[in-house]
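Written below as structure tokens is the structure these notes are about.
The values are calculated or read from the model by the stated rules, or taken from the named source; none is laboratory data. The structure presented is a predicted model; accordingly, all values stated were derived computationally and were not measured. A quick note on method: Cβ atoms are made from the backbone with ideal geometry, for glycine too, and the neighbour counts reach across all protein chains shown. Accessible surface is based on the protein model in full, side chains and every heavy atom, while ligands, DNA and RNA are left aside. Shrake-Rupley method; radii C 1.70, N 1.55, O 1.52, S 1.80 Å.
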Amino acid sequence: MLGFLKKPVVVTAEINMNFMALTVMGLISRLWGLSYPRAVVFDEVYYGQFVSLYMKRIFFVDDSGPPFGHMLLALGGYLGGFDGNFLWNRIGAEYSMNVPVWSLRLLPALAGALCVPLAYQILVELQFSHCAALGAALLILLENSLITQSRFMLLESILIFFILLAVLSYLKFYNLQRHSSFSGSWWFWLLLTGVACSCAVGVKYMGLFTYMLLLAIAGLHFWHMIGDQNLSNVSLMWHFLARGLALIIIPVAMYLSFFYVHLALLYRSGPHDQIMTSAFQASLEGGLARITQGQPLEVAYGSQITLRNVLGKPMQCWLHSHTNTYPIRYENGRGSSHQQQVTCYPFKDVNNWWIVKDPGMQQLVVSNPPRPVRHGDIVQLVHGITTRYLNTHDVAAPLSPHSQEVSCYIDYNISMPAQNLWRVEIVNRESDTDVWKTILSEVRFVHVNTSAVLKASGFLSGASLPEWGYRQLEVVGEKLSKGYHQSMVWNVEEHRYGKSQEQKEREVELHSPTQMDISKNLSFMAKFTELQWKILTLKNEDTEHKYSSSALDWITMDTNIAYWLHPTSGAQIHLLGNVVTWASANIAAVVYMCLSLWYLIRRRRKVYDIPEGAWKLWVSAGGICVGGWAVNYLPFFLMEKTLFLYHYLPALTFQILLIPIVLQHLGDHLCRSLLLKSMFSASIVAWFSSVYFVYCTFSPVTYGEPSLSVTELKDLRWKDSWNILIRKQ
């Protein structure tokens with residue numbers, strides 16, 4: 001029974017020394033001197049702010065993309081014990097001692113280092129030689145731009161890592177498909193493909209391009225499977241469901257989980273709250289939650305409320321009035337009603353308070369029990385301080401002459417009667433009997449007499465009222481026939497039940513804070529939907545940057561970016577690529593496309609220049625490498641945003657993988673004689689030596705040391721368009 005103990009337990013393992021050596025070299029090239037410079041480098045000034053907010057659990061919105069990449073950077077800070085206390089306000093600022101620079105830069109550097117063995121393994125899985133795979137990995141290893149980008153607290157190296165991991169995982173899954181479907185390793189690589197794709201999209205939306213490419217390739221492969229008569233319908237269905245689970249359902253679930261963790265971590269109010277709805281703000285600790293905590297949930301007749309415009313762009317604002325009236329005549333000669341001004345005011349103020357009044361009763365207090373206002377009810381809105389009624393009529397608005405003026409009615413004893421009845425329409429109602437709720441309900445006020453809708457028009461025009469309107473935003477009555485817009489929607493932000501019928505007592509009441517406890521927590525899906533919409537639609541004004549460039553500049557590297565300059569010496573760091581590698585990548589792409597076109601034409605004429613297996617290998621490699629380059633590069637021609645050279649790095653990575661593929665193809669199929677093969681091999685050695693020479697030449701501006709003299713810096717300016725920083729003597 002215990003006979004198995006008579007022999008020792010032996011474990012054997014195969015170790016790919018190429019893979020291990022490349023991994024070690026990648027780690028050395030990316031991790032060496034990682035804490036240098038101990039100063040803010042280029043976009044670290046941008047991402048560092050978010051890391052600090054994560055450390056302090058303060059909510060923020062970044063319109064550049066999803067939160068997963070930011071969370072990874074914050075993880076580095078957390079592991080290093082960062083407390084978030086650093087002012088990220090200037091590139092080149094020295095880091096204080098509490099900032100764990102090495103930890104903050106660690107994860108991007110590790111991701112960049114692992115891209116080297118990933119490149120090797122991808123070419124192996126594409127069925128190319130180990131020599132070609134080794135060449136691809138060394139090109140990634142010696143690419144100056146990839147080294148620079150991976151050594152700082154930036155996201156591109158993390159994005160490229162997950163992109164390459166997704167490609168490798170799918171290739172391994174596909175290769176296992178032929179002989180071990182539904183095995184453990186088959187499931188592992190399929191699931192890892194979906195996970196890596198989700199992580200790539202979660203780092204930056206640029207990852208979506210590669211995800212869509214892999215979905216298209218997977219769809220094409222499944223289409224070929226449908227034609228395989230050896231597979232039963234049941235088997236095909238299981239294959240389809242497995243791919244749907246791994247490549248669609250799991251990535252979507254993971255993408256949601258990134259936001260779940262993001263929102264769970266950032267539970268405190270912060271500087272970005274104002275662009276979110278009142279309901280979202282009230283779900284955060286502090287800020288609006290502190291103000292609105294304990295408000296009555298249901299708006300009733302007699303309620304005292306503030307009305308915030310839901311749009312909230314470019315700034316939040318509340319329905320407001322004050323004692324000043326519209327001028328009798330505007331600067332352009334048009335006349336007004338000379339009624340009390342109604343505006344949208346971007347600050348909290350006592351003049352933002354309004355009282356919801358029942359038109360059939362005179363009282364301005366809440367009855368006992370309260371009578372809630374429902375969808376479709378007719379109300380009057382009474383300005384709390386001046387007690388004048390919200391009104392609109394057929395008079396042109398001051399800045400929007402095609403819309404109606406909104407005012408608080410003053411009886412001048414002339415033939416202009418009050419028109420102050422408004423119908424409450426709850427936009428996000430679940431039924432037509434819904435009660436108007438504090439914070440949660442988004443409402444539209446439709447004027448009974450004219451059917452105009454109360455609208456904050458200043459958001460759209462971008463213009464504010466003149467001096468007589470204190471530069472506040474215009475509010476108008478807009479016909480619904482002109483279209484629906486979020487600036488027509490309002491929600492109750494602050495709310496109390498009015499108790500004082502006398503005006504002086506009511507003014508004291510309006511100045512006092514609300515009290516009463518009630519929860520306004522949103523569900524995760526409601527918060528996710530709102531935050532996702534803000535990320536997709538909230539765009540900062542793009543300004544011209546000194547180092548911005550066009551997508552056309554990237555192919556020939558006609559631009560660079562100065563990342564850091566030493567305050568006293570000539571030491572500096574630039575985002576500059578290896579010129580030989582970039583040129584070779586472009587040539588490889590052109591050669592691939594020309595050869596592919598030539599082969600297609602010849603095959604159409606029934607002339608087969610290369611074996612069928614070599615042709616399939618050529619096409620599949622192009623689908624990955626040329627396709628990856630195209631989907632990660634061409635979309636930038638359609639984007640209206642400030643572009644930088646680092647946006648090209650994912651596309652460049654795929655283009656670099658194409659170089660050894662083309663070289664092996666040329667050597668195997670076009671160099672037929674021994675002499676040609678020898679000459680071709682010698683030229684590859686010479687070419688690779690030039691790659692290494694350029695890497696060494698530009699390594700001082702890749703790593704930031706050693707410091708170079710003025711003459712040496714001038715010698716590095718190989719193109720007139722490069723901006724190498726030279727101090728004035």
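Assigning unit charges at the beta carbon (Lys, Arg +1; Asp, Glu -1) and nothing else, what dipole magnitude in debye, to the nearest 20, does the stretch 204-330 show about its Cα centre? Let's see the in-between values first.
Numbers: 7 positive and 4 negative charges, 82 e Å.
About 400 debye.
Using the Karplus curve 6.51 cos²θ - 1.76 cosθ + 1.60 with θ = phi - 60°, what ³J(HN,Hα) values do you get for each residue of the stretch 238-248, in whole Hz, with x for Gly and Pro?
3J(HN,Hα) across the stretch 238-248, in whole Hz: 5, 4, 5, 5, 4, 5, x, 5, 6, 9, 10.
So what J values fall out for the stretch 68-83 if you push phi through Karplus, 6.51 cos²θ - 1.76 cosθ + 1.60 with θ = phi - 60°, rounded to Hz, Gly and Pro as x?
4, x, 4, 5, 5, 5, 5, 4, x, x, 5, 5, x, x, 5, 9
Determine the share of the chain's accessible area contributed by carbon and sulfur atoms, expressed in whole percent, with a 1.4 angstrom probe.
Summing carbon and sulfur atoms, their accessible area is 62 percent of the total for the chain.
Rank these by accessible area, largest first, 1.4 Å probe: PHE698, PHE688.
Largest to smallest exposure gives the sequence PHE688, PHE698.
So what does the Cα-only Debye profile of the stretch 294-518 read at q = 0.19 Å⁻¹, as log10 I(q)/I(0), no solvent term?
Results for the stretch 294-518 at q = 0.19 Å⁻¹ read -1.58.
Only bridges with both residues in the chain count here: give the DSSP antiparallel percent, nearest 5. Walk me through the numbers before you get to the answer.
Details: 54 of 56 bridges.
Percent antiparallel among DSSP bridges in the chain is about 95.
Of the trypsin sites (Lys or Arg not before Pro) in the stretch 682-729, which ones lie in a loop per DSSP and count no more than 10 other C-beta atoms within 10 Å? Numbers along the way, then the final one.
Details: sites: LYS714, ARG717, LYS719, ARG727, LYS728; in loops: ARG717, LYS719, ARG727, LYS728.
Passing both the DSSP loop test and the Cβ count: LYS728.
Take every DSSP beta bridge with both residues inside the stretch 294-518 and express the antiparallel ones as a percent of the total, to the nearest 5. Each step should come with its number before you reach the end.
On the way: 49 of 49 bridges.
Here the share of antiparallel DSSP bridges comes out near 100 percent.
Of the options TYR389, MET361, ILE305, report the single residue whose Cα projects farthest towards the positive end of the charge dipole of the stretch 294-518 (beta-carbon charges: Lys, Arg +1; Asp, Glu -1).
Result: TYR389.
Compute the signed sum of charges (Lys and Arg +1, Asp and Glu -1) over the other residues within less than 9 Å, Cβ to Cβ, of SER157.
Working: positive: ARG30, ARG151; negative: GLU156.
My count for the surroundings of SER157 gives +1.
Looking at the stretch 601-695, which trypsin sites (Lys or Arg not before Pro) are in a loop (DSSP not H, G, I, E or B) and have at most 14 other Cβ atoms within 10 Å? Can you show the working numbers first?
Numbers: sites: ARG602, ARG603, ARG604, ARG605, LYS606, LYS616, LYS641, ARG672, LYS677; in loops: ARG605, LYS606, LYS641, ARG672.
Qualifying residues, ordered by number: ARG605, LYS606, LYS641, ARG672.
List every residue whose amide H lies under 5 Å from the amide H of THR343, counting only residues 5 or more places away in sequence or on a different chain, with H placed 1.01 Å from N in the peptide plane.
Here HIS320, SER321 satisfy the definition.
Using θ = phi - 60° and the Karplus form 6.51 cos²θ - 1.76 cosθ + 1.60, what ³J(HN,Hα) does each residue of the stretch 349-364 get, whole Hz, x for Gly and Pro?
Each residue of the stretch 349-364 in turn: 7, 5, 6, 8, 7, 10, 10, 7, 10, 7, x, x, 9, 9, 6, 10 Hz.
Hey, what did the chain get for relative contact order, percent, Cα under 8 Å, at least 6 apart?
Relative contact order for the chain comes out at 14 percent.
Full extension from SER550 to LEU87: what is 0.36 nm times the residue separation minus their Cα-Cα distance, to one decimal in nm? Before the final figure, lay out each step's value.
Values: separation 463, 0.36 × 463 = 166.68 nm, distance 3.13 nm.
This chain segment gains 163.6 nm when fully extended.
Between 0 and 90 degrees, rounded to the nearest ten: what's the tilt of helix 17-31 against the longest Cα principal axis of the chain?
Between helix and principal axis, roughly 50 degrees.
For an R0 of 22 angstrom, estimate the FRET efficiency from the Cβ-Cβ distance between LEU236 and ALA614 and round to the nearest 0.05.
Working: r = 29 Å, r/R0 = 1.34.
After rounding to 0.05, the efficiency reads 0.15.
Return the long-range amide H neighbours of VAL395 (sequence gap of 5 or more, or a different chain), with a cut-off of under 5 Å between placed amide H atoms.
GLU405
Scan the stretch 1-96 for GluC sites (Glu not before Pro) in coil per DSSP, keeping those whose Cβ has at most 12 other Cβ atoms within 10 Å, and list them by number.
Values: sites: GLU14, GLU44, GLU94; in loops: GLU14.
Counting only loop positions with at most 12 other Cβ atoms within 10 Å, the GluC sites (Glu not before Pro) in the stretch 1-96 are GLU14.
Quick one: Cα centre-to-centre distance for the stretch 257-281 and the stretch 585-602, in angstrom?
If we compute the Cα centre of each part, the gap is 50 Å.
Binned at 10 Å from 0, what are the whole-percent values of the Cα-Cα distance distribution for the chain, short to long?
3, 12, 18, 18, 15, 14, 11, 6, 3, 1, 0, 0
Could you do me a favour and compute the accessible area per residue for the chain, 1.4 Å probe, result in Å²?
On the way: 32910 Å² over 729 residues.
Here the per-residue accessible area is 45 Å².
How high is the relative contact order of the stretch 294-518, in percent, counting Cα pairs under 8 Å that sit 6 or more residues apart? Don't skip to the end; give the middle numbers.
On the way: 548 pairs, mean separation 62.8, N = 225.
Across the stretch 294-518, relative contact order equals 28 percent.
Based on DSSP H runs of at least 4 residues, each adding -39500 (n - 2.57), what is the mean residue ellipticity at 222 nm of the chain after dividing by all its residues, to the nearest 500 deg cm²/dmol? Please list the in-between numbers first.
Values: 22 runs with 320 residues, N = 729.
Calculated at 222 nm, the ellipticity per residue is -14500 deg cm²/dmol.
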